[in-house]
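First comes the structure, then the notes that go with it.
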Amino acid sequence: MDNQPVQKPSADSPSNETQRKERDVAIDYLRAILIVLVVFLHAALAYTSFSTYDETRWVDSSAPIVDTSRWPFLDGFVLYYDTFFMALLFLVSGLFVIASLERKGSRGFFIARLQRLGIPFAIGALFIAPLAFLPSFLMADPRPQAPYLATFFTSDGWPVGPPWFLWVLLLFNGVVVLIHRFAPNVLAKLHKQPTAFVIFLMTIISFLPLSLVGSHYWWLTLGPFDVQPIRLGLYFVYFLLGMALGTGQRWQKPGWPKYWGAWFIVGLFSFFVYMGMVGETFQLPVLVSQVILGITFAASCTGASLGFLGAFRRFVRRPHPILDNLSANAYGIYLVHYAVVLWIQFALLSVSWPAWGKFSVVFVGGLALSWGVSELARRVPAVRRVL
């Protein structure tokens, strides 16, 4: 996906730019598993205890499809994944940016980014998003008199779902291109690999101040350009951290990051503290509670990110055919899975199954069907060049 390193040293093509032996398999597979977690998250949101559906204005629902069957067991997984997996995707997306910039130049790099990110975003916003959100519209009561597409692109605000990541990443790439073009000395300062502790400090610095302003779960919508503004600083910093890591070799060694297992445990412990603070019954000053929430969220993000990076670097040593195929189709899965998942959830609304059974069908079926759609689509040469 996007800048994410399906190949090494460049991620501009998922299959043809370099030979198989040049791939960074650990990062390749980490990216793919993160996409699987995205599918898991969207499959689970219909069945968590905290999901809500607004029948009078469906676009204001916490999830497009919300079933009456709930499985609170999913709550913790969804909230835990939410603390780190998008930040980690931005970090992975930045790993080979500087190498690609130096090889292609500002103009060539940005044209490649427009093709790799802009075209899929436009397809997702114009075609996939209306298809994905149609079931949520059909659940609304009463439904508007105007045709669905007319309201979808106008009064309903044009929600896009997961493709928001693509336009934000394109924006980050654009900023970096401008810096590379007009202030290369600034970009040169990134040629210094951050330590794990520096990553932790930068996570706090980029997240905590904005988290004191408002809820980091709040979405800002400007037409098809959705974003969580409170997290924007965190995502940009992780993108820059990925760029900085990619300029050296230390992060490619099996021992990096040092004590990754300890970081993972610290992150998990911080998440439990964060959840305890969210549901606190004891009295603390508001500012104190907000600071603790911000720090524990940042620690959970850092710990999980470093833990996953270290685990994949430590244990993934050689390619596997199934994971190779999953990795090759990860971008396509990301782009189409939302529509597949929401329609399966919609189809199961009237089925008298327990929530765990519905979730299992949605997750496994959504992943498998999205994988198959991507595999078929990528047989078209023009599609394969983008995905």
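With contacts taken as Cα pairs under 8 Å at a separation of at least 6 residues, segment 25-386 carries a relative contact order of 27 percent.
Between the beta carbons of THR52 and GLN193, assuming R0 = 45 Å, the FRET efficiency works out to 0.55 to the nearest 0.05. The stretch between PHE73 and PHE272 holds 70.2 nm of extra length on full extension. This uses 0.36 nm per residue minus the Cα-Cα distance. Close lysine pairs were tallied over the chain: pairs 8 or more places apart or on different chains with Cα atoms under 25 Å apart number 14. For the peptides 52-58, 104-110, residues were scored by their other Cβ atoms within 10 Å and the scores averaged per peptide; the highest-first order is 104-110, 52-58.
For the pair segment 166-238 / segment 283-315, the C-alpha centres are spaced 17 Å from each other. Subtracting the Cα-Cα distance from 0.36 nm times the residue separation, let me have the gained length for ILE265 to ARG384 in nm, one decimal. Contour length minus Cα-Cα distance gives 38.9 nm. With the helix formula -39500 (n - 2.57) applied to DSSP H stretches of n ≥ 4, the chain reaches a computed 222 nm mean residue ellipticity of -20500 deg cm²/dmol.
Taken together, the values in this text are just the output of simple stated rules run on the coordinates, not laboratory data. Small disclaimer: the values here were computed from a predicted structure and weren't measured. Ideal geometry is used to build each Cβ from the backbone, glycine not excepted, and the neighbour counts take in all protein chains shown.
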